[in-house]
1. Which condition from (1) over 22 Å from C:P61 (Cβ atoms); (2) at pLDDT 95 or above is the one that D:T261 breaks?
2. Which pairs turn up if I take residues in segment B:316-338 that are part of a strand (DSSP E or B) and buried (at least 19 other Cβ atoms within 10 Å of the Cβ) and look for partners that are basic (K, R) and at pLDDT 95 or above with beta carbon separation below 9 Å, at least 6 apart in sequence or on another chain?
3. Pairs only if they're at least six apart or on different chains, beta carbon under 7 angstrom, first in segment B:29-50 and away from chain A (no Cβ under 14 Å), second of a type in the set (G, A, S) and part of a helix (DSSP H, G or I); list them, first residue then second.
4. Could you please find all residues in segment C:19-61 being among the β-branched types (V, I, T) and either more than 19 Å from C:S254 (Cβ to Cβ) or touching a Gly at 6+ places or on another chain (Cβ under 6 Å) (or both)?
5. Is it the case, given these coordinates, that A:T133 is touching a strand residue (DSSP E or B) at 6+ places or on another chain (Cβ under 6 Å) and not assigned by TED's automatic domain parsing to the domain that holds A:G302?
6. Considering every residue within segment C:29-44, establish whether at least one is within 19 Å of the chain's Cα centre (by Cα), of a type outside the set (G, A, S) and at pLDDT 95 or above.
7. Out of the residues in segment D:129-153 that are over 29 Å from D:A326 (Cα atoms) and either of a type in the set (D, E, K, R) or free of Cβ contacts under 8 Å to residues at least 12 places away in the same chain (or both), state the one that is surrounded by the most Cβ atoms within 10 Å (Cβ to Cβ).
8. Which condition breaks for B:S251 when tested against (1) within 24 Å of the chain's Cα centre (by Cα); (2) away from chain A (no Cβ under 14 Å)?
Number of protein chains: 4
Amino acid sequence: MVSRLLMHVGPSLSNFNVLSSANATNIGFASPEFNEAMKSSLEGVRYVMGADESYTPFILPCSGTGAMESTVSFLKKGSRVLIVSNGVFGDRWEKILSRYPVEFRILKANPGSAVSVDQVVAELRTTHYDAVTLTHVETSTGVRIPLKSMVAAVRPFVNLVIVDGVASVGGEKLNMSEWKIDVCLTASQKALGAQAGAGIVVASEHAVSMLKEESISGYLLDLRNWLPIMGEFLKGRGGYFATPPVGTVFSVRSSIDLIRTETIERRVERHKICAEAFRNGIKAMGLEMVAGEGVRSNTVSGVYLKEIDTGRFLQECMANGVEFAAGVHPLIKDRYFRVGHMGWVEPSHIIKAIDTIAKSAISLGAHLNRADGEKAVLETFEGKVPCF
Amino acid sequence: MVSRLLMHVGPSLSNFNVLSSANATNIGFASPEFNEAMKSSLEGVRYVMGADESYTPFILPCSGTGAMESTVSFLKKGSRVLIVSNGVFGDRWEKILSRYPVEFRILKANPGSAVSVDQVVAELRTTHYDAVTLTHVETSTGVRIPLKSMVAAVRPFVNLVIVDGVASVGGEKLNMSEWKIDVCLTASQKALGAQAGAGIVVASEHAVSMLKEESISGYLLDLRNWLPIMGEFLKGRGGYFATPPVGTVFSVRSSIDLIRTETIERRVERHKICAEAFRNGIKAMGLEMVAGEGVRSNTVSGVYLKEIDTGRFLQECMANGVEFAAGVHPLIKDRYFRVGHMGWVEPSHIIKAIDTIAKSAISLGAHLNRADGEKAVLETFEGKVPCF
Amino acid sequence: MVSRLLMHVGPSLSNFNVLSSANATNIGFASPEFNEAMKSSLEGVRYVMGADESYTPFILPCSGTGAMESTVSFLKKGSRVLIVSNGVFGDRWEKILSRYPVEFRILKANPGSAVSVDQVVAELRTTHYDAVTLTHVETSTGVRIPLKSMVAAVRPFVNLVIVDGVASVGGEKLNMSEWKIDVCLTASQKALGAQAGAGIVVASEHAVSMLKEESISGYLLDLRNWLPIMGEFLKGRGGYFATPPVGTVFSVRSSIDLIRTETIERRVERHKICAEAFRNGIKAMGLEMVAGEGVRSNTVSGVYLKEIDTGRFLQECMANGVEFAAGVHPLIKDRYFRVGHMGWVEPSHIIKAIDTIAKSAISLGAHLNRADGEKAVLETFEGKVPCF
Amino acid sequence: MVSRLLMHVGPSLSNFNVLSSANATNIGFASPEFNEAMKSSLEGVRYVMGADESYTPFILPCSGTGAMESTVSFLKKGSRVLIVSNGVFGDRWEKILSRYPVEFRILKANPGSAVSVDQVVAELRTTHYDAVTLTHVETSTGVRIPLKSMVAAVRPFVNLVIVDGVASVGGEKLNMSEWKIDVCLTASQKALGAQAGAGIVVASEHAVSMLKEESISGYLLDLRNWLPIMGEFLKGRGGYFATPPVGTVFSVRSSIDLIRTETIERRVERHKICAEAFRNGIKAMGLEMVAGEGVRSNTVSGVYLKEIDTGRFLQECMANGVEFAAGVHPLIKDRYFRVGHMGWVEPSHIIKAIDTIAKSAISLGAHLNRADGEKAVLETFEGKVPCF
């Protein structure tokens, strides 16, 4: 157990130094140490998202779902939102928005596919929307959208472009400033590789200006309450609205320090090569990806199983030393499983993942080509060596 | 810095074993280990609150404020709520409820005082309310209400009695079952002494039955979404609605294990003696408590300063090795500071707190009787020795 | 178990930050970080022993017994040594020296007593000795000698004064430079409060000059082998003779950092008050110290039990949450037990120790006055508050 | 720094769970927990060395050199020892034995070569020896001897076969019982992968019977002193001769637990494949191994550099994130460096090592074929996947 590998979709692959940074036994949130850690983390998430200093970062005591919900702070009564959904977490916007006095429509794709830029533009041409929500990487299937071109296409039509980067920030290319993204949100425990416990939002000046309107949000997640606090932290001072997840913030800071050392460019490249190696291994073994060609992410892979039961398969993998994640997309739930290859992912993780999938599935009766899978993984890494 | 003492009001005094339990680098939320930790934590918070098995516990990815807000799940459109407020965190109910379609009235006390049972009953006699919110210990001043008699008095008038136990659970006597409390909420980092990051709610069968009504809550904090998940964890299985604060849960479990070993009765007694020693020291030095006689808590003390600036005083204390908390009650904000003596508090902490307060204040020009303060602390502990 | 208190005579009371500094997963002994930690630790042990820069410190991969044995490096074939022994660890010099081609005589005291300065001087007047060994604090009984006057008295007669400071360094007053001590040795896990694993020796220029003679020592513990290495580390560079206890050195460095912050003067004072409080508690309960009046140490106390079995008593204490040490002096072995109150000792430890002794002994049938014991402890601390 | 890789020859690659097991803040060496950890560790080192229950294991507070020196406990005055040395650590036997009243002769090999079985047998045929010392893997060059056949060949001639397994135990095949080895010693921080601080010796019944003779050893390292203590620990009880390295023992126990889970056979296989991949990478890049064909170990590799300065090269590697070890063999010292690939080594470490060597050497002007090196590593791992 102590040597089990965590390749769930979040929390995912961990770095002990990052996690143990959370053990601040004697440092409270009014200390200079916490002020410093918060400032460093806030500036760091801006760095990771490619957001310049005009953007305001927020670190909140909640999960990624909480970060999503906090973005209703940018809307007002009657705002019209177009939700572009490629799966469960795209659909989650619908569930969230249905609790607030806004109007919305949702465009959906089949599992493994992405709503196309054209489909979105077509909708925007015919109907006015104030905001659009885009899921950079859909955690339920591993589908990634071409975010840059999508944002470029939708930008002229809407006041606010909101990106769910929960499964992408820290592992996918992203540039809020250049791509003109208003709001991007994520969580601490995914590709940032820190401890679970913090929801993270970065907002443009324009988005922040919307916070001056009458709020429709709840209380804890009303960004208006947090705006002055984050401003203080950015200036190196402290502040209080509700208790921050102190330990998690120290962990985020430690993660950011490592990311800065690696550089975000090399980190994304590392994720890319690892993901490619994983997919090549899967294909060579004779399995199929849930996400279609061209929309596969660096961070999460959905993989169809055949011949065997996914529940028993996941238990077998756990017994063989890797924790993967179950499928959650309602249409294909029982036919696939998910793998997180993000955060502190490195080649040995991919090698072990492929080997464990092969070994576990074969032991349950599946017919997989284990040797070909391994070979394909290793060939992908040849000459690339994306270690950090 | 490494030996600084944290006596802020939350996170407060820590236990390294409890904090470091959070470092689960290779255990995801779908693992048997997490299922076990969650079950153990859920049963444990029930134990700490004196709630029998008919009560449903919830552990949520949010702060104590989030736990407060989640209780709107028990209300419906038009519900009438009486808020009994003795300070900033009582007033917080007003701010939370104003975001939801409910009606409320608030009864307020002067800083250091508590709204009396008679005042509350008088209001309930004249006006109908569906629910009443009570703050067991008001973190902004350290005022504690006589919860048992207050609940007994209000119980006949309302459908739901909601108790904010953020600053009391784990350090004050509390028995949800016997005292007929419907809902009690707290946070991981206060008297439970675990890592910050989890909001905790325990609800009676009756309260849970209210969750069947049309919800007015947001999404992340809608207890309806969490109810089946918590049910699964209580059965030793797992479930997912939004990512739980995995590390924090391991820390809560570890804290609960220690509390069970100490027993909640002895833990409350330990808090009581430590608080008494602290107050005796404060008085003997010539300082005054914010909370009046008879309404002083075991867990938080507000202390008036005189002659010197509170900001400089807190910095001086920090330099002398203790982090206390600033005052926050708007009417007296600049005249007092707060001390958390909870969680893993023991006599040496009180001794050091009193000594640091004396030393720091005197160095800034205050006239305090240091020796009398220390003597009073030690005399209080004589023959009691509330170590754990 | 997780909250058990360790008041054994070594390892003794721990500080988690000090211990966890040992977790250097990715730093080898050829790294700049290790060079820095070693330099800082070497300078630190000099500081703690009151040794100026003319002294050479050694940190060795062995226990305190190993540090004792390493001092034969300063002797040569036929050297005559006078051993002044007040118990088991004084006698240990005899066992060590009997393995080497030297001559020695041993002066012994009854358990609880110390060989007097006069006895030692009388012996030195009649017989020539090259070296004398003195045990500052005798771990088997807690007896402390008046080191300063003893050294002053023996100094004129011998070439080398060797002090076993295993149970004193970090908790007792000691000034090698002023008191003209040639060699003083200790171990990492006693009053320095670091992890067990390092033997420590500090030697004067004069002593180091003796290392040029033909060696009679073994190999690992031959200080000749270590002399150039330590010289390199003191210059901020590295070196290798045998693998150093890397983690333990990081722990020593962390301990030294805290000691420097506290200052050795205040640290000794803290030990002194804690020891006094302990003894007052023991006496008030009706128990007797092994060490006689005037020769009681700050760091270790031997306590006679009566009416009950010491083995069962120690088990009962363990069950009640404190690990003490068994008696080891052969003449009184079954009649007493030992308590370490050193390193990170603070008042709460003493309070808990006395309470646990009382509770455990009474539960086994002893007649002790628990309340008086506690009262005496607390009165000792009044107005002193030696917290760090 | 936090993400630097430690591929020194010891301490080497670490596992955080193993290292952090050492943080036993509240557990002394007289506790049931320590007794259990010691028993488990003692049984574990027997398991790792393939020693049946008739063998006695010792865990000592010293380094590997101390473990070597402790084996003089098995000799007596005038014992004749044949030292078979393939480098610095073989020569170390000469330095150790020269401190004791024994006679010895040393057979030496050129750097990178091993004294052959025939050479040893030829010497044993002409001269009588009581004991022979064999270095399984020579840490100074990475040369490994064919231990099984060597022992079989020398066994008939001598009373005691002593094996230095410092750089082999836990990473090389070894079976004391089957191969009829009397004494094998190692250290905690090498292929066992635990914290530095413990010397380890395992001795056959026959060897232990030699401990009854008059001892020529020193005191701390006299196994006679430790024999009854280890006997007690093996029975689940405790004992004391000198302070054990408490934390290190907990770390060894944790390491042993993981080794048992992996099994020693799979662990050796993992080391073998990783070593092979490393060597293939080195060769493909155009570098040469110090150890000749047929005598290369699974655990340590010496590598000749050309064109560039080794000191600057090692600094560059450190800056690029890997700590390797300098050369130490006096004849070739400035022309090579050493790499530890042991303990928790896995493919990603080898990949990173090769990449760092290439990158660093090239940046200093060497002409290496980086891509070929990487390719060769990856091809070696194909279809083998020796993850744990």
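1. D:T261 satisfies every listed condition except (2).
2. Correct list of pairs: B:A325/B:R338.
3. B:G50/B:S177
4. C:V48, C:T56
5. So A:T133 passes the test.
6. Yes, that holds for at least one residue.
7. D:D130
8. All conditions are met except number (2).
The values are calculated or read from the model by the stated rules, or taken from the named source; none is laboratory data. Please read these numbers as outputs of a predicted model, since none were measured by experiment. Please note: Cβ atoms are built from the backbone with ideal geometry, for glycine as well, and neighbour counts cover all protein chains shown.
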